Amino acid sequence: MTQDAALPTLFASPERSTPEELTQQAEQLAVLPLDILNAIPNICLVLNRHRQIVFANTALLTMLNVPDIDAVQGLRPGNVLSCAHASTVSGCGTTEFCRTCGAAQAILSSLGGKHAVEECRIVQQNGDALELRVSGTPYTLDNQRFSIFVLEDISHEKRRRVFERLFFHDVLNISGVLLGYSELLMKTPEENARTQKMKTFLYQATLRLIDEVKMQREISSAEAGDLKLQPRMIRSRKVLDSVRAFYQAHEVAQGRLITIDPAAADFTFTSDQLLIERVLGNLVKNALEASQPGQTVTLTCWQDASQDQDQGAKPVTFAVHNEGVMPRDVQLQLFQRSFSTKGEGRGIGSYSVKLFTERYLGGTVTFTSAEGEGTTFTVSYPKEWPEE
């Protein structure tokens, strides 16, 4: 039995359950161990088929500073959260604005039998805004469909992403100016060897600064899931030459040599060149840091045309070798985001290799490290970019 069926709506049904039906539904749910939801720090609601609250966990009651469920039972999420569009006569979910509301979409999907996760921005009646990640999970009890609806505050994530974008944009702009002047200085004739050395140092330091900022921007975007790839045809030897040239001039290469194996194959494949070079660059940098003065880091690549791509093979392979050996405890913690042998707050390099290779480039990363053989990191990729 329902009420308010004649109310207007521009999206979801305006119907509501009667107080008697809500009481009956609450009694049905009372046999379930819903108290366990009170241990969840996020707001967790159980909604009936009319999107009304039948159960709310402690997180919501604490936020609203109300003593018990009676204060919110029968209300809809938008009404409880003071959504500016929920004050209409038909209530939450019935306005034109609700068509684009992630919360309304997740609730309706779950009541339709499908789990859904959406993002939602709610403008409150006082002008404040809530930025939420919401999920709706279908649940059936005694032939009645309910939605287990969870809300997570992601406003801090959104603010951090905005600040990061502004930071990267501003720092890269300033670095670009430095690079421009450094290039002009490099083109200016200089007879004084000491001054020429300083100009060269300034130029190379600016290049490294830009590279480090771009690296952090790419990791941030990759972790957020919004890194944009630009696949194109690449020559393998050109990639190796580029990585070698950049890192041979890097301060970490002082006293060490980077070479390309004469047997390294020269072939073409399709991928994101900048990201491939980023992966190999991080491997080379790590290899240089693990090497002693006088030691050599060797780059190579090969193509195994005999492998069957349909079986998940990765026939395009690059490898970076150094003469050092990693302790076993280091090997066990490689690729963890903050693990580093170089001190607190480091450890991004090997983590980014795995992140870029496996999540974005469709590849795999492995390594071997043993006495008498040194350490070799191997990354393998498809020859052709997978079709969407």
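Where a number appears in this text, it was derived from the coordinates with a stated rule and is not lab data. What you see is a predicted model; the values in this text were computed from it and never measured. Virtual Cβ from ideal backbone geometry, glycine too; neighbours counted across all protein chains shown.
Comparing E131, E218, E20 in a Gaussian network model of the chain (Cα springs below 10 Å), the most mobile by mean-square fluctuation is E20.
Estimated from the Cβ-Cβ distance and a Förster radius of 35 angstrom, the FRET efficiency linking A193 and Q292 is about 0.75. Here the chain is assigned +1 on the Cβ of each Lys and Arg and -1 on the Cβ of each Asp and Glu. Its dipole about the Cα centre then comes out at about 1100 debye.
Pairs exceeding 31 Å between alpha-carbon atoms, taken from K187/K228; K187/K214; K114/K228; K214/K383; K114/K214: K187/K228; K114/K214.
Taking a point 7 Å from the Cα of Q125 along the Cα-to-Cβ direction, the residues of region 57-86 with backbone N closer than 17 Å to it are 64-66, 71-86. Annotation: aspartates and glutamates with alpha-carbon distance below 14 angstrom to K199 (same-chain offsets under eight excluded): E183, E190, E191.
For region 356-388, the residues whose amide N sits under 19 Å from a probe point set 7 Å from the Cα of A265 along the beta carbon direction are 362-366, 377-386.
Checking [x] 56, 54, 46; [y] 89, 50, 38; [z] 55, 46, 45 against the coordinates, the calculated Cα extents along the principal axes in Å falls under label [y]. As a length-normalised measure over Cα pairs under 8 Å and 6 or more apart, the relative contact order of the chain settles at 9 percent.
With a ≥ b ≥ c the root eigenvalues of the C-alpha gyration tensor of region 30-148, is it rounded (a/c under 1.5), prolate (a/b larger than b/c) or oblate? It is oblate, given that a/c is not under 1.5 and a/b is not larger than b/c.
Once the C-beta distance of L184 and V162 is scaled by a Förster radius of 35 Å, the resulting FRET efficiency is 0.55 to the nearest 0.05. Candidates M198, P41, P382 compared by Cα position along the dipole of the chain: farthest toward the positive end lies M198, with charges placed on Cβ. The length gained by stretching the chain between N143 and T23 to full extension, at 0.36 nm per residue less their Cα-Cα distance, is 41.5 nm.
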